[in-house]
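Reviewing the structure listed below.
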Amino acid sequence: MSKSEKGNGEEKGKVYLADLDTVAEEAKQMLMKGTIGKMVDWANAFSLWPVHLMTSCCGCEIGAAWGPRFDNERYGSLPWVSPRQTNLIIVEGTVTKKMACSVRITWDQMPYPKFAVAMGACSLDGGIFYNSYNIVRPWQVIPIDVYIPGCPPRPEAVSRAIIELQKLLRNKSIASKWITESKREDMKNIIPKEDLCGWRGEKVDLHTRFT
Amino acid sequence: MVGGEKKLISIQDSLKNVLKDNIISIEQAKGYIDVLVPTDKLVDSAKKLKEFGFDHVKSVTAVDYIAKKQFKITYHISSYLNEELSKYIIGLSTIINRDDPHLPSLSKIWVSAEFQEREVYEFFGIIFDDHPDLRLLLLTPVVAALKPLRKDFVVKEESDNIEVDYAAYNATKWW
Amino acid sequence: MASNISSGSVPHLPGMEVTELSKNTYEVYIGPAHPGSGHMRIIVEVDGDVMVRVDPDIGFVHRTMEKLAEGRDWIKNIPLFERMAILDACNITLPYVEAVERLLGTEPPDRARYLRTLLCEINRIASHLYGMGIFGVFLGHSTLYMWAFGDREVFIDLAEQMTGARLTHSYPVFGGVRRDIPDDFPENARKATKYMRNRLNEYAKIFLNNPNIRSRLENVGIMSKNLATELGIVGPNLRASGVRYDVRLNEPYEAYGDVEFEIPVFEEGDSLARAWARVEEIRQSLNIIEQAVDWLEKHPRENFMHEKFWKTAPKLYKDVFSGQIDYAGKYRVKLMPLFASLKVPPGKAFARVEAGRGEMVYYVESDGEDVPYRVRVVSPSFRNVIAFKYLMPGHRLMDLPAIYGSFDYFPPEWDR
């Protein structure tokens, strides 16, 4: 039994084992180098839960992809209602200027490690609505990992995207790196939130715990 | 068909009987009957048509004739409860000036026109007097200030050079 | 997301907004990310648990189709307008094609009319099943969601055999349709209708006669006949309130004048009647599909495109399209060349059609150019939104999903 390194406020009859924060830090660094990191990645890869945010017409194929014929739940993903308990956003189709604010707020409410998949031709370069004055590219709003071309992509393509995301996660160890490094450098070339949501004129505190 | 033409002629006659002097012109377009009335007689004509049996508005359309400097607004109306009249669609139209577009709102007479008049207001900049709730419906305030569906708002074509496009795109504060 | 805190000191929490308006009312934002996954926002003022004022805030999916249509050729607007209600694709583009045909003065031949009717009814069934699936998600009945989406695949399969695409068919074109049906199609269609008839009885057992669902839906959101007419409601919502109005009956288009079917009309006007109206319409659509398939089998394969467009096509196109070449995959055949440079004579046209959700209306104005001058689209969900403002106040907050789901509202259709 060792005394605390800070050594403050020692009372008579009490024994201090260790400073919990430093011990936890050291244990984390030690264990992540072994197989625990791979287990964390494996667990994250098979529980990618998308949030219920339908942005446009590709939502019909999402509904079919998690339906009985093209069952996506066998990959461990379950569409769930609350952003605070999910870790995947599927941006289906076109993101308009009014919806960009809501996508960004939902993204910020989700805890790390989180991922995003952009679906459809509209997310790549506007799709069939090219030249429109009211749409925005999804990569300017949230950072995206996987793109799926098609208009609309078949539900098998959506399953393939989930599998590619799983491979990406496990090869690059994104989930375990979040635990060791506590940050993810991904919000570099993104439009800041005050610009996206400024037109609303609301007195909402737009900062969340994770920004 | 002869029977069909007889029916059409009789509906035009009934409209002339109902609206009397309000009509400027009445013509048979493909699929509806276009009735042109002056703007100050619009509310009066609408009341008379509603008493006659036309009880809902299907669509409120504004067309921008930029060469003649006019807007033409058409209310397509029809009937649910009256079996005879439900086969016909009447287009109650009026022409207003393009520089200062105002016209009286018909939402007090036909409630079904309320949201559609709001949409015409935000896309064309046409003000409906006496509308109970005239504000934006579909667009953000920045985009609505451009008055998108007017003919002098030209859609910007994307060029082959993506770098130039995105630099210009990010430079304009579109929010 | 919703935020509702009792009065007194209003805490400051990140990401939430609470405004105290008058003495007892609070404002609740049911935002675009909600469990029912429909992208519109409803701003509700509640007094305790009762809704006082409801304001729909829409426009989250506005993709500016009317403006884009003014800059593209006539034939290119068909896939553009299809993206409005992608699961009902034939019904959504049919009035546009009809309006332009009236301006051109061409009428489709008989076989094309029956083919269009057939695809319209298949799409109507798929659209109603989608609506019921989403209604199940709203009420927390995920079994209905799974069953509806599974049965919908049967009809999407039929549509894929007919047109080649799951959802975006682009099947009706000016003057006719794009291709004819394959030889084994009538047999598959009959199997599908027989299967669906048995399933409809099971839907009644688990959903419509289920005591839990009935207690949530019965006498909720009652819309009287006069209110429905005043507000201009369309579709099965109107027929569940006692008004006998259906475009297929009042102004028959395509082949609806020749087939026999009934229009189900209910008197109660509550959410349960609206759900029943959809189920009964599916039953009638199955009858129409069988009659159309019988007619198509009896009559020989003849023209499915108007002469004006058919005679400009090269011989290879004609052979492939009429099914006379066995393995047509090795020939590259596109649409008739006349479509690309089509100039429509000037005029104004108006056309209406009964889509899955209600009456769909187009106003097309042409200048004589090869692009339209003005296209105005009024979709059925557009005309149903006003019901939220006038029907919901007076109900409790938890009745909002029951009423919202029973209207079968589809935001991309309204927002265009």
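Which whole-number percentage describes the relative contact order of segment B:2-171, with Cα contacts under 8 Å and a sequence gap of 6 or more?
Numbers: 253 pairs, mean separation 27.6, N = 170.
Contact order relative to length: 16 percent.
Binning at 10 Å from 0, report for segment A:49-173 what percent of all alpha-carbon pair distances ends up in each bin.
In whole percents, the pair-distance histogram is 13, 48, 34, 5.
What whole-number distance in Å separates the alpha-carbon centres of segment B:51-65 and segment C:245-281?
Taking the Cα centre of each part, segment B:51-65 and segment C:245-281 sit 24 Å apart.
Under Stokes-Einstein, with the Kirkwood radius over Cα pairs standing in for Rh, what whole-number D in µm²/s applies to segment B:21-101 at 37 °C and 0.692 mPa s? Working shown, then result.
Working: Rh = 13.3 Å.
Estimated diffusion coefficient is 248 µm²/s.
Over the protein assembly as shown, how many percent of alpha carbon pairs lie in each 20 Å bin up to the one with the longest distance?
Bins of 20 Å from zero give 14, 47, 31, 6, 2, 0 percent of pairs.
Near residue C:363, within a Cβ-to-Cβ distance under 9 Å, what is the net charge of the other residues, with Lys and Arg +1 and Asp and Glu -1? Could you put the intermediate results ahead of the total?
On the way: positive: C:348, C:374, C:376; negative: C:365.
Combined, the nearby Lys, Arg, Asp and Glu give +2.
Between residue C:311 and residue C:204, how high is the FRET efficiency from 1/(1 + (r/R0)^6) when r is the Cβ-Cβ distance and R₀ = 51 Å? Nearest 0.05. If you can, show how the numbers build up before the last one.
Values: r = 52 Å, r/R0 = 1.01.
E between residue C:311 and residue C:204, to the nearest 0.05, is 0.50.
List the relative contact order of segment A:49-173 as a percent without decimals, with contacts defined as Cα pairs under 8 Å and 6+ residues apart. Working shown, then result.
Details: 214 pairs, mean separation 34.5, N = 125.
Once divided by the residue count of segment A:49-173, the mean separation gives 28 percent.
Whole-Hz Karplus ³J(HN,Hα) for segment C:184-201, in order, using 6.51 cos²θ - 1.76 cosθ + 1.60 and θ = phi - 60°, x for Gly and Pro?
Karplus-based 3J(HN,Hα) across segment C:184-201 equals 8, 5, x, 5, 5, 5, 5, 4, 5, 5, 5, 4, 6, 4, 5, 5, 5, 5 Hz.
What is the Cα coordinate range of segment A:58-112 on the first, second and third principal axes, sorted by size from largest, in whole angstrom?
Principal axes ranked by extent give 34, 25, 14 Å for the Cα atoms.
Which of C:84, A:39, A:30, C:392 comes first, and how do the rest follow, when ranked by fewest Cβ neighbours within 10 Å? All intermediate terms of the calculation are to be shown ahead of the outcome.
Values: C:84 25, A:39 13, A:30 10, C:392 21.
Fewest to most other Cβ atoms nearby, the residues stand as A:30, A:39, C:392, C:84.
R0 = 22 Å: FRET efficiency of residue B:135 with residue C:45, Cβ-based, nearest 0.05?
On the way: r = 16 Å, r/R0 = 0.75.
So the FRET efficiency works out to roughly 0.85.
Take the Cβ-Cβ distance between residue C:299 and residue A:43 as r, set R0 to 56 Å, and report the resulting FRET efficiency rounded to the nearest 0.05.
In this case the efficiency is close to 0.35.
Using alpha carbons only, how many angstrom separate the centre of segment A:52-121 from the centre of segment C:344-416?
26 Å
Apply the Debye scattering formula to segment C:65-415, with a single equal point scatterer on each alpha-carbon and no solvent, then give log10 I(q)/I(0) at q = 0.06, 0.07, 0.10 Å⁻¹.
-0.22, -0.30, -0.62
Say each of residue A:130 and residue C:194 gets a label point 7 Å from the Cα, pointing the same way as Cα to Cβ; how far apart are those two points in nm?
If labels sit at residue A:130 and residue C:194, their model points lie 4.9 nm apart.
If you take each beta carbon of peptide A:131-141 and count the beta carbons of other chains within 10 angstrom, what is the mean? Can you show the working numbers first?
On the way: counts 9, 9, 11, 13, 3, 3, 2, 0, 0, 3, 0.
Whole-number average of other-chain Cβ neighbours for A:131-141 is 5.
For segment B:65-158, what is the convex hull volume of the alpha-carbon atoms per residue, in Å³?
Hull volume over Cα atoms, normalised by residue count, gives 138 Å³.
Write out the trypsin sites (Lys or Arg not before Pro) in segment A:17-97 meeting two conditions: DSSP loop, and at most 12 other Cβ atoms within 10 Å of their Cβ. Intermediate results must be reported in sequence, preceding the final value.
On the way: sites: A:28, A:33, A:38, A:69, A:74, A:84, A:97; in loops: A:33, A:69.
Here the sparse-neighbourhood loop sites are A:33.
Obtain the nm distance between the two label points defined at residue B:39 and residue B:11 by a simple spin-label model: each point lies 7 Å from its Cα along the Cα-to-C-beta direction.
2.9 nm
Counting other beta carbons within 10 Å of each residue's own, what order do A:41, B:100 fall into, fewest first?
Numbers: A:41 21, B:100 7.
Ascending number of Cβ neighbours within 10 Å: B:100, A:41.
Residue by residue, what Karplus-based ³J(HN,Hα) values in Hz, rounded to whole numbers, does segment C:96-113 have, using 6.51, -1.76 and 1.60 with θ = phi - 60° and x for Gly and Pro?
Running phi through 6.51 cos²θ - 1.76 cosθ + 1.60 with θ = phi - 60° gives 5, 5, 5, 5, 5, 5, 5, 5, 6, x, 10, 10, x, x, 4, 5, 5, 5 Hz.
When you have a sec, figure out the Kirkwood radius of segment C:112-195 from all distinct Cα pair distances and drop it here in Å to one decimal?
Radius from the Kirkwood sum: 13.7 Å.
Mind jotting down the three principal axis lengths of segment C:147-207 based on Cα atoms? Whole angstrom, largest first.
44, 22, 17
When DSSP assigns beta bridges and you keep just the ones with both residues in segment A:49-173, what percent turn out antiparallel, to the nearest 5?
Values: 2 of 12 bridges.
Counting DSSP beta bridges with both partners in segment A:49-173, the antiparallel share is about 15 percent.
Read the figures in this text as sums done on the coordinates, not as results from a lab. Predicted model, so just to flag it, every value in this text is computed and none were measured. Here Cβ is always computed from backbone atoms with ideal geometry, including for glycine, and neighbour counts include all displayed protein chains.
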